[in-house]
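Right, one structure below, let's go through it.
The values are calculated or read from the model by the stated rules, or taken from the named source; none is laboratory data. Since the structure is predicted, the reported quantities are computational estimates derived from the model, not experimental observations. Accessible surface areas use protein heavy atoms only, side chains included; no ligands, DNA or RNA. Shrake-Rupley method; radii C 1.70, N 1.55, O 1.52, S 1.80 Å.
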Amino acid sequence: MIEEIISTVGRYADEKVRVSKGLLMLITIGAFVVGIITGTAVTKLVSSKKAVCRSSYDEDFDADEYVRNLSFDDE
């Protein structure tokens, strides 16, 4: 079933879509250049921002009290 669909679409594409090798190379090179430019721009944007590290560490946290207050029997 899938092979029939793929072959039908392939035949239709061969009949209706004609792209020269030169145009295909031009599209490929254009896509490559756009990718390089986009990657460079995003890298510059990300590297210009300062990294911020946030922590939710609380110095008043008492682990022993926390464990004592846990109640597993309330279910």
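Sequence-ordered 3J(HN,Hα) estimates for segment 14-24 from the Karplus curve with 6.51, -1.76 and 1.60 and θ = phi - 60° stand at 5, 6, 9, 9, 10, 10, 6, 5, x, 5, 5 Hz, glycine and proline given as x.
Per residue, the chain exposes an accessible area of 105 Å² to a 1.4 Å probe, with every protein chain left in place. Nonpolar atom fraction for the chain, defined as the carbon and sulfur part of the 1.4 Å probe accessible area, stands at 62 percent.
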